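Written below as structure tokens is the structure these notes are about.
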Amino acid sequence: MGKLSGIKVVDLTQFLPGPMMTVMMADQGAEVIKVEPAQGDPAREQAPFDSYEGDTHSVWFANLNRGKQSVVLDLKSKDGKEKLRNLIRGADVFVEGFRPGVMKRLGFDYESVNAVEPSIVYCSVSAFGQDGALAHHPAHDMAVQALAGFLAVNDGADGTPVVPGAPSADLAAGLTALSAVLMALLGRERMGEGAYIDCAMFDSLLPWCAHTAGSAIAGGQSPVSRSQRSLGGAGFYQVYTTKDAKHVVLGGREIKFARNLLTALEREDLVPLAEAPAGEQDALIAFLRETFGTKSRDEWVAWFADKDVAFSPVLDFREALDEPHIAERGLWVETPSGGHHIAPSIRFAGESWSPGKVPGLAGDGAKEA
């Protein structure tokens, strides 16, 4: 019995933003009915694969769709449409992730769904929203990041943008959609009305830029990474290469951390540079680069063990998942059948969690419409 037990969600989303939102609801006990086409969510076919409850599933699909029920419907057919209407009756939330206009052509836009279930909370998740010049422009995460300005500061030393390691626009949209839906459900309890939510990946990501794009927001020039305090222009917010060609980071610019480290390295004379504007700390950065190149990554980890400095080694995912902190927090879960799940980040004191079953496609774990 989770916090959302008794909430019924009809989910027509695929890939990442929508499924991430609804799996967080399923993890808290919501009944999430995943409506799929005959070929299923494309994420089902994305390698690598793992064993879950005796079945083989994509790790991506399993971790974003556990605890849901799957229904295969042809929404272009009369029978499929009627079955979807039946699912909508009594539902609390309806989520779709198609391009603007598709749901209206299918007969399941907000007005149509609201006519079937007047108290519905309806959420559309798209790249650029339901209106505006880009509304119908096709895009996944990286294209959205590019148009929002984020990719320009996700660059290497030569200023060339690189493919981002995290799909920030997808993730921002999933979290924004979840927040909006929960707000709408709370509002419905108080005012008795459902709501329509137009959640765009672009809109969701843009507010995240205030800490880096302040100059542009204020009407000035766009930030340049090497001169920004959190993008590479500060010695104590920087990536450094170690003797064994691995990497470590200094991740805290507070002067107390700079003083602690530079005192331990017998270079207190550089402390004032740590307080200089970003882009004017070249001498400090050069010293730290040279210094970190004298020991291996693991030697630095041991050296920093008793230092009050915001320092971390750069770990790959295999190393990160094997960290004791992951086990202590119960963040990586292996099921009795051998499948692996990343535990939900939303947890409540005194409550336990176990992953729900991964739904099959029109088979084991599927629901009759």
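Within region 186-194, is there a residue that is in contact (Cβ under 8 Å) with a residue 60 or more places away in the chain and open to solvent by less than 40 Å² (accessible area, probe 1.4 Å)? Within region 186-194, one or more residues are in contact (Cβ under 8 Å) with a residue 60 or more places away in the chain and open to solvent by less than 40 Å² (accessible area, probe 1.4 Å).
Conditions (1) modelled with pLDDT of 95 or more; (2) buried (at least 18 other Cβ atoms within 10 Å of the Cβ), marked per residue:
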{"position": "P167", "(1), (2)": "yes, yes"}
{"position": "D198", "(1), (2)": "yes, no"}
{"position": "S204", "(1), (2)": "yes, yes"}
{"position": "C209", "(1), (2)": "no, no"}
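Would you mind stating whether F98 is touching a residue at least 60 places away in the same chain (Cβ under 8 Å), buried (at least 16 other Cβ atoms within 10 Å of the Cβ) and closer than 21 Å to T335 by Cα? Taking the combined requirement at face value, the residue does not satisfy it.
If you go through region 152-178 and keep only what is outside any loop (DSSP other than H, G, I, E, B) and over 16 Å from the mean Cα position of the chain (by Cα), you end up with A152, V153, D155, P161.
Among the residues that make up region 73-82, is at least one of them on the phi < 0 side of the Ramachandran plot, open to solvent by less than 10 Å² (accessible area, probe 1.4 Å), modelled with pLDDT of 95 or more and of a type in the set (K, R)? Walk me through it before giving the result.
Just the residues of region 73-82 that are on the phi < 0 side of the Ramachandran plot, to begin with: 73-82.
Now drop any that are not open to solvent by less than 10 Å² (accessible area, probe 1.4 Å), which leaves 80.
Now narrow it down to the ones that are modelled with pLDDT of 95 or more: 80.
Still in the running and of a type in the set (K, R): none.
No, region 73-82 contains no residue that is on the phi < 0 side of the Ramachandran plot, open to solvent by less than 10 Å² (accessible area, probe 1.4 Å), modelled with pLDDT of 95 or more and of a type in the set (K, R).
The numbered conditions (1) β-branched (V, I, T); (2) more than 23 Å from Q28 (Cβ to Cβ); (3) assigned to a helix (DSSP H, G or I) are all true for V181 except (2).
Would you check which residues across region 107-135 are in a loop (DSSP other than H, G, I, E, B) and under 27 Å from the mean Cα position of the chain (by Cα) and list them?
Of everything in region 107-135, those that are in a loop (DSSP other than H, G, I, E, B) and under 27 Å from the mean Cα position of the chain (by Cα) turn out to be D109, I120, A127, F128, G129, Q130, D131, G132, A133, L134, A135.
The values are calculated or read from the model by the stated rules, or taken from the named source; none is laboratory data. Quantities reported herein were computed from a predicted structural model and do not represent experimental measurements. Please note: Cβ atoms are built from the backbone with ideal geometry, for glycine as well, and neighbour counts cover all protein chains shown. These accessible areas exclude ligands, DNA and RNA; they are computed on the full protein's heavy atoms, side chains included. Shrake-Rupley method; radii C 1.70, N 1.55, O 1.52, S 1.80 Å.
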